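Engineer: Before anything else, here's the structure in question.
The values are calculated or read from the model by the stated rules, or taken from the named source; none is laboratory data. Everything quoted here is computed from the prediction, not taken from an experiment. Please note: Cβ atoms are built from the backbone with ideal geometry, for glycine as well, and neighbour counts cover all protein chains shown.
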């Protein structure tokens, strides 16, 4: 049944569509249905949301599909349906798909040695035996993750990879390596003459109705491939549904069924300290999971979880450190809520679920303190951001920071979305590489200390900016959210504070 027919002929359909979050409307939207009509308990999904909120993990969005229909969707404000989100290593599954499409077109054989694409390279021991299959399965024989070396290198990333010594014979040992996926993306470009994203656009993105996407570019001019893709939550769900349908979308076989089968089965044994769901094997840029599932996943909790036994897809985005805990919430709450057949409609529980989905919000610092401090303009000491001054403007709605070239708005213990998408004004190395819309909240911790929270709603992370006022000066200290959640291990905070002197009250 198509979307219009579902809405017209069922009360559950009308209700599900009426109260679905506002998003880009169009013929490419996935159909909506009530959970009960697809054999899922609304009460069970509420348990998942309650558990997610009680976990104090930073979820950004959630979408659940059953039998090809969206039965639940929610965004933790200030995140919203129209925003793209950084996929991080979930990008790898899209890169693997590009390889599958080339194989299907007869333009590539995964048993091809990679050195055939890099003439003139003098191979070190073992490198001549490395094939595309080894890149796909993360069995290159290298020590492990080369991503830090790529970022630090002052030479082409392909050169870094090709110069890395082998510690085992290719094909014999799994070692997760983002650089392997980068090489796949480079090979796509060498075969097609197009960037990875451009190659995928008419073959994958357009057939699925995915229009708003972008992919980060490496210093060498290739898509980063192993990370850097940004899509909307619903677009991730479409990708998962495509794989659930064995590569078929509507009446078109977008990906060969044989590739889907090979890509999503365990090609190699895997082991990881992340948790038990990392020990079910690795395919072609997909992980196997418990409960017969497979998934693409990315740094800090970006998930496209495909559950063939339940005919379901779960999509989650967020900024979540313990990724196994995220999956455990799915297994403990969503899985038991699924039944084989349709359930009786439960308008009360469905209405409660809808209200809960619409009221999701990222945690906001709260305080009973209200400062009477007036605003003012402060001259800033020389700083890494080349900002000459800042003006604090306080109103009943919130706080505004006016810099000479831009302004930032923060709501009093309430997220306010700033207009437009922009480069991050307080960059920290590679942690803020792409433009994004920004949202902010403000809280007085005491009469002289203002805490500002700035979130990148088209990415993952943000900043806590602590502004301490003293007489006629202000000190603005930064703590990026990645450093806060990982105790500084992943992205150590290295930005010195901004120091300002009052020049105009």
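Engineer: Examine region 36-57 for a residue that is surrounded by 20 or more Cβ atoms within 10 Å (Cβ to Cβ) and at pLDDT below 95, and state whether such a residue exists.
Structural biologist: Checked against the condition, which is being surrounded by 20 or more Cβ atoms within 10 Å (Cβ to Cβ) and at pLDDT below 95, region 36-57 yields at least one hit.
Engineer: Does residue 496 satisfy the criteria of being surrounded by fewer than 15 Cβ atoms within 10 Å (Cβ to Cβ), assigned to a loop (DSSP other than H, G, I, E, B) and free of Cβ contacts under 8 Å to residues at least 60 places away in the same chain?
Structural biologist: In short, no.
Engineer: While we're looking at this one, here's another question. Just name the residue that is farthest from residue 315 (Cα to Cα) out of those in region 354-366 that are exposed (fewer than 15 other Cβ atoms within 10 Å of the Cβ) and in contact (Cβ under 8 Å) with a residue 60 or more places away in the chain.
Structural biologist: It comes out as 366.
Engineer: Something else: Might you let me know whether region 426-444 holds any residue that is farther than 25 Å from residue 301 by Cβ and part of a loop (DSSP other than H, G, I, E, B)? Steps first, please.
Structural biologist: Going through region 426-444, the residues farther than 25 Å from residue 301 by Cβ turn out to be 442-444.
Remaining after also requiring part of a loop (DSSP other than H, G, I, E, B): none.
No: region 426-444 contains no residue that is farther than 25 Å from residue 301 by Cβ and part of a loop (DSSP other than H, G, I, E, B).
Engineer: Sticking with this one: Since residue 362 meets every condition but one in (1) at pLDDT below 95; (2) under 30 Å from residue 72 (Cα atoms), which condition does it not meet?
Structural biologist: (1)
Engineer: If a residue must be in contact (Cβ under 8 Å) with a residue 24 or more places away in the chain, surrounded by fewer than 18 Cβ atoms within 10 Å (Cβ to Cβ) and either under 21 Å from residue 279 (Cβ atoms) or out of contact with any strand residue (DSSP E or B) (no Cβ under 7 Å at 6 or more places or on another chain) (or both), how many such residues does region 150-166 contain?
Structural biologist: 4
Engineer: For the subset of region 480-493 comprising residues that are crowded, with 16+ Cβ neighbours inside 10 Å and without any contact (Cβ under 8 Å) to a residue 24 or more places away in the chain, which member is farthest from residue 453 (Cα to Cα)?
Structural biologist: The selected residue is 483.
Engineer: Considering only region 275-300, how many residues are touching a strand residue (DSSP E or B) at 6+ places or on another chain (Cβ under 9 Å) and at pLDDT below 95?
Structural biologist: 2
Engineer: Quick check on my filter: what residues within region 76-125 are on the phi > 0 side of the Ramachandran plot and more than 26 Å from the chain's Cα centre (by Cα)? Steps first, answer last, please.
Structural biologist: Just the residues of region 76-125 that are on the phi > 0 side of the Ramachandran plot, to begin with: 88, 106, 120.
Listed by number, the residues that qualify are 106, 120.
Engineer: Continuing with this model, one more query. Of all residues in region 124-135, how many are over 11 Å from residue 166 (Cα atoms) and part of a loop (DSSP other than H, G, I, E, B)?
Structural biologist: The number of residues fulfilling the criteria is 0.
Engineer: Is one or more of the residues making up region 137-145 more than 24 Å from residue 216 (Cα to Cα) and at pLDDT below 95?
Structural biologist: yes
Engineer: Can you find a residue in region 194-203 that is part of a loop (DSSP other than H, G, I, E, B) and crowded, with 22+ Cβ neighbours inside 10 Å? Break it down into steps so the answer makes sense when it comes.
Structural biologist: Filtering region 194-203 for residues part of a loop (DSSP other than H, G, I, E, B) gives 194-195.
With the extra rule that they be crowded, with 22+ Cβ neighbours inside 10 Å, the set shrinks to none.
No, that holds for no residue.
Engineer: A further question on this structure: Collect the residues in region 235-293 that are closer than 16 Å to residue 136 by Cα and part of a helix (DSSP H, G or I), keeping them in residue-number order.
Structural biologist: Hits for region 235-293 are 258, 259, 260, 261, 262, 263.
Engineer: When the residues of region 251-274 are narrowed to those that are modelled with pLDDT of 95 or more, out of contact with any strand residue (DSSP E or B) (no Cβ under 6 Å at 6 or more places or on another chain) and surrounded by fewer than 16 Cβ atoms within 10 Å (Cβ to Cβ), which ends up nearest to residue 177 (Cα to Cα)?
Structural biologist: 269
Engineer: Here are the criteria: (1) over 27 Å from the mean Cα position of the chain (by Cα); (2) over 30 Å from residue 38 (Cβ atoms); (3) surrounded by 13 or more Cβ atoms within 10 Å (Cβ to Cβ); (4) modelled with pLDDT of 95 or more. Tell me which single one residue 351 does not satisfy.
Structural biologist: (2)
Engineer: Which is touching a strand residue (DSSP E or B) at 6+ places or on another chain (Cβ under 9 Å), at pLDDT below 95 and closer than 23 Å to residue 417 by Cβ, of 78, 21?
Structural biologist: 21
Engineer: Would you check which residues across region 26-37 are more than 18 Å from residue 331 (Cα to Cα) and either assigned to a strand (DSSP E or B) or over 22 Å from the mean Cα position of the chain (by Cα) (or both) and list them?
Structural biologist: First, the residues of region 26-37 that are more than 18 Å from residue 331 (Cα to Cα): 26-34, 36-37.
26, 27, 31, 32, 33, 34, 36, 37, listed by residue number.
Engineer: Only one of these is in contact with a helix residue (DSSP H, G or I) (Cβ under 6 Å, 6 or more places away or on another chain) and either closer than 25 Å to residue 299 by Cβ or part of a loop (DSSP other than H, G, I, E, B) (or both): 149, 155. Name it.
Structural biologist: 149
Engineer: Is it the case, given these coordinates, that residue 233 is surrounded by 23 or more Cβ atoms within 10 Å (Cβ to Cβ), farther than 24 Å from residue 187 by Cα and touching a residue at least 24 places away in the same chain (Cβ under 8 Å)?
Structural biologist: yes
Engineer: Being part of a loop (DSSP other than H, G, I, E, B) and within 20 Å of residue 343 (Cα to Cα) is the filter here, so list the residues in region 41-67 that pass it.
Structural biologist: 41, 67
Engineer: Out of the residues in region 413-432 that are crowded, with 17+ Cβ neighbours inside 10 Å and more than 20 Å from residue 397 (Cβ to Cβ), state the one that is modelled with the lowest pLDDT.
Structural biologist: My answer is 431.
Engineer: Something else about it: Would you confirm whether any residue within region 207-217 is modelled with pLDDT under 95 and within 22 Å of the chain's Cα centre (by Cα)?
Structural biologist: Yes: region 207-217 contains one or more residues that are modelled with pLDDT under 95 and within 22 Å of the chain's Cα centre (by Cα).
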